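The values are calculated or read from the model by the stated rules, or taken from the named source; none is laboratory data. For clarity, every value in this text was computed on a predicted model and none was experimentally measured. Here the Cβ is made from the backbone with ideal geometry for all residues, glycine too, and neighbour counts use every protein chain on show.
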Amino acid sequence: MPEPGGALAGEKALVTGASRRLGRAIAERLARDGAQVALHYRSDESGAVETAASIGADSPLLQADLTDADACERLVSDADAALGGLTLLVNNAATFHRTPLAELEISDFDHFMRTNARSVYVLSLLAGRMFKSRGRGCIVNLADVAGLVPWAGFIPYSASKAAVVSLTKGFAKALAPEVRVNAVAPGPVLPPANESPEQGERAVAATLLKRWGSPDDIAAAVAFLAKTPYMTGQVLPVDGGRSVNA
């Protein structure tokens, strides 16, 4: 249940991709810290309903295909109306799967960039302008350590997350001083679909802490950035030390 006196009391947040995995954990943490949260989903309505039930509050459920710029515009407008004034945007929604060199297609680049980077650009632009005009607001993006040090088996995914890193810093400059923009860069937290045990073991071995992180680790970092007033333009690795062990 939300804490009325929590650190994020009074904040009204939109979390994209909130029906499962990291998005659900982030929505739950923001709500627990006192924020009112609108839950975006693309196709998994039942998952969004489950997230809302886990929060234990009246959370608006908003459907949108974030590869469609018009849908992004409607999503920001609908979240603002449903919450009575949006103050926090968490760009979490993304696609993530392995693309080994032998299977890479030219179309893979457009697919990852459209889903993972273009949506962050459009939503940040629309919400950021609104926040700036109102004199306050915060955006937290989900980047990835692969956006800092690319992985050979995830080239287009890594490129899309590198774009998120650049968008974070660019919008932080453009929207200052009224709006703060930061990002969390997760490391091995949740494996992609069809990841083999051996691939998972290699991912963990590349960390300094030699273990998986948890969705709660990422959610805590998002909440930290949302409530820390003197941070902007930063990308915070939460990766068990993987980014310094490359």
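Only one entry in T115, T99 is buried (at least 17 other Cβ atoms within 10 Å of the Cβ), out of contact with any helix residue (DSSP H, G or I) (no Cβ under 6 Å at 6 or more places or on another chain) and closer than 21 Å to W151 by Cα, namely T115. The residues in the stretch 125-150 that are within 16 Å of M113 (Cα to Cα) and small (G, A, S) can be counted, and the count is 3. Out of curiosity, is S160 within 16 Å of N116 (Cβ to Cβ), in contact (Cβ under 8 Å) with a residue 40 or more places away in the chain, outside any strand (DSSP E or B) and under 16 Å from the mean Cα position of the chain (by Cα)? Yes, satisfied.
May I ask you to list the residues in the stretch 103-141 that are aliphatic (A, V, I, L, M), in a helix (DSSP H, G or I) and either within 25 Å of T228 (Cα to Cα) or at pLDDT below 95 (or both)?
If we filter the stretch 103-141 for residues that are aliphatic (A, V, I, L, M), which is where we start, we get 104, 106, 113, 117, 120, 122-123, 125-127, 130, 139-140.
Next cut, in a helix (DSSP H, G or I) only: 106, 113, 117, 120, 122-123, 125-127, 130.
Those that are aliphatic (A, V, I, L, M), in a helix (DSSP H, G or I) and either within 25 Å of T228 (Cα to Cα) or at pLDDT below 95 (or both): A117, V120, V122, L123, L125, L126, A127, M130.
Among the residues of the stretch 217-246, those identified as in contact with a helix residue (DSSP H, G or I) (Cβ under 6 Å, 6 or more places away or on another chain), not in a loop (DSSP other than H, G, I, E, B) and not hydroxyl-bearing (S, T, Y) are I218, A219, V222, A223, V235, L236, P237, V238, R242.
Per the conditions (1) at pLDDT 95 or above; (2) among the charged types (D, E, K, R); (3) buried (at least 16 other Cβ atoms within 10 Å of the Cβ), the sole criterion not satisfied by R242 is (1). Is it true that some residue in the stretch 179-194 is assigned to a helix (DSSP H, G or I) and either under 30 Å from D80 (Cα atoms) or under 17 Å from the mean Cα position of the chain (by Cα) (or both)? Scanning the stretch 179-194 turns up no residue that is assigned to a helix (DSSP H, G or I) and either under 30 Å from D80 (Cα atoms) or under 17 Å from the mean Cα position of the chain (by Cα) (or both).
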